[in-house]
Amino acid sequence: SQQGEEDPQALSIQEGENATMNCSYKTSINNLQWYRQNSGRGLVHLILIRSNEREKHSGRLRVTLDTSKKSSSLLITASRAADTASYFCAMDSGGGADGLTFGKGTHLIIQP
Amino acid sequence: NAGVMQNPRHLVRRRGQEARLRCSPMKGHSHVYWYRQLPEEGLKFMVYLQKENIIDESGMPKERFSAEFPKEGPSILRIQQVVRGDSAAYFCASSPRWGNPEKLFFGSGTQLSVL
């Protein structure tokens, strides 16, 4: 079954530095998405990368996808205190009926 | 345009009671997903519904849990005879079309605490 795993589980950096989070998965995907969750809140969609794409940008976010290694990375550049949150990768494996499969998340802390 | 609305935000129940969690999807969305999140864990899929239809309930426990999405009104996740292990955050998400949802819109969740 599809399962995602983020690495690291937790990351603490200084404001202004770049943050990189990784996600590995097991089975083939149609697309991979990254979501952010602030404490006590629902998830917010950040970016989607399709299986035929290798890299995608959105503002300070950069996502890469390596389907041969079944892995993805999320880079947040010039981090801000407001970026403090948990970040989850989510895999869409097709078949559709069961929505997305989420990893356990990376908890990112940006220290001012 | 209101987002996905869940209520209540917090629900406290004693063991053996029933819990009812409500979710109103975004306007124009007819597909609803329920997920459960335990502390320090990712979201686990429970059930996917369309109006008046359960499409996939493969993530639902076989007993005590049920879900519906009637023609009128919100989607309801119902947990009968709650136990302490049911304590978790329950999130609802909606999308405008079937399968390959591309993007899910989440509510703020209901935190269920079972005493």
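The values are calculated or read from the model by the stated rules, or taken from the named source; none is laboratory data. All figures in this text were calculated on a predicted structure; none of them were measured in a lab. Backbone-built Cβ (ideal geometry, glycine too); neighbour counts: all protein chains shown. Just so you know, the surface numbers come from the protein's heavy atoms only, side chains and all, with ligands and any DNA or RNA stripped out. Shrake-Rupley method; radii C 1.70, N 1.55, O 1.52, S 1.80 Å.
One table, with the values for the structure above:
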| item | result |
| --- | --- |
| Boolean, B:Lys62 is open to solvent by 10 Å² or more (accessible area, probe 1.4 Å), away from every other protein chain (no Cβ under 11 Å), under 23 Å from A:Leu100 (Cα atoms) and out of contact with any Pro (no Cβ under 7 Å at 6 or more places or on another chain) | yes |
| Residues located in the range A:28-83, provided they are hydroxyl-bearing (Ser, Thr, Tyr) and under 12 Å from the mean Cα position of the chain (by Cα) | A:Tyr35, A:Thr64, A:Ser71, A:Ser72, A:Ser73 |
| Failed criterion for A:Glu53 (all others in (1) away from every other protein chain (no Cβ under 14 Å); (2) acidic (Asp, Glu); (3) in contact (Cβ under 8 Å) with a residue 12 or more places away in the chain hold) | (1) |
| Identity of the residue in the range B:44-59, assigned to a loop (DSSP other than H, G, I, E, B) and within 11 Å of chain A (Cβ to nearest Cβ), that ends up least open to solvent (accessible area, probe 1.4 Å) | B:Gly59 |
| Single residue of the range B:21-43 satisfying the filter (exposed (fewer than 14 other Cβ atoms within 10 Å of the Cβ) and either under 11 Å from the mean Cα position of the chain (by Cα) or of a type in the set (D, E, K, R) (or both)) that is nearest to B:Pro74 (Cα to Cα) | B:Lys27 |
| The lone exception for A:Ser12 - which of (1) in a strand (DSSP E or B); (2) within 14 Å of another protein chain (Cβ to nearest Cβ); (3) closer than 30 Å to B:His10 by Cα it fails | (2) |
| Pairs where the first residue, in the range B:36-54, is of a type in the set (Lys, Arg) and the second is assigned to a strand (DSSP E or B) and open to solvent by 80 Å² or more (accessible area, probe 1.4 Å), C-beta under 7 Å, 6+ apart | B:Arg36/B:Lys44 |
| The listed residue being part of a loop (DSSP other than H, G, I, E, B) and surrounded by 14 or more Cβ atoms within 10 Å (Cβ to Cβ), out of A:Lys56, A:Lys104 | A:Lys104 |
| For B:Val82: the one exception among (1) assigned to a loop (DSSP other than H, G, I, E, B); (2) more than 20 Å from B:Leu115 (Cα to Cα); (3) at pLDDT 95 or above | (2) |
| Some residue of the range A:69-80 being in a strand (DSSP E or B), open to solvent by less than 40 Å² (accessible area, probe 1.4 Å) and under 30 Å from B:Asn53 (Cβ atoms) | no |
| Top-ranked residue of the range B:85-107 - restricted to ones that are at the interface with another protein chain (Cβ under 7 Å from one of its Cβ atoms) and either under 15 Å from B:Leu38 (Cβ atoms) or crowded, with 19+ Cβ neighbours inside 10 Å (or both), ranked as modelled with the lowest pLDDT | B:Pro101 |
| Condition met for A:Thr27 (more than 10 Å from chain B (Cβ to nearest Cβ), in a loop (DSSP other than H, G, I, E, B) and over 26 Å from B:Ser108 (Cα atoms)) | yes |
| Verdict on A:Leu48 being assigned to a strand (DSSP E or B), more than 10 Å from every other protein chain (Cβ to nearest Cβ) and open to solvent by less than 60 Å² (accessible area, probe 1.4 Å) | no |
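Residue by residue, here is whether (1) modelled with pLDDT of 95 or more; (2) within 24 Å of B:Tyr35 (Cα to Cα) holds:
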position: A:Ser12; (1), (2): yes, no
position: A:Ala19; (1), (2): yes, no
position: A:Arg36; (1), (2): yes, yes
position: A:Lys56; (1), (2): yes, no
position: A:Asp66; (1), (2): yes, no
position: A:Ser72; (1), (2): yes, yes
position: A:Ala85; (1), (2): yes, yes
position: A:Asp98; (1), (2): no, yes
position: A:Pro112; (1), (2): no, no
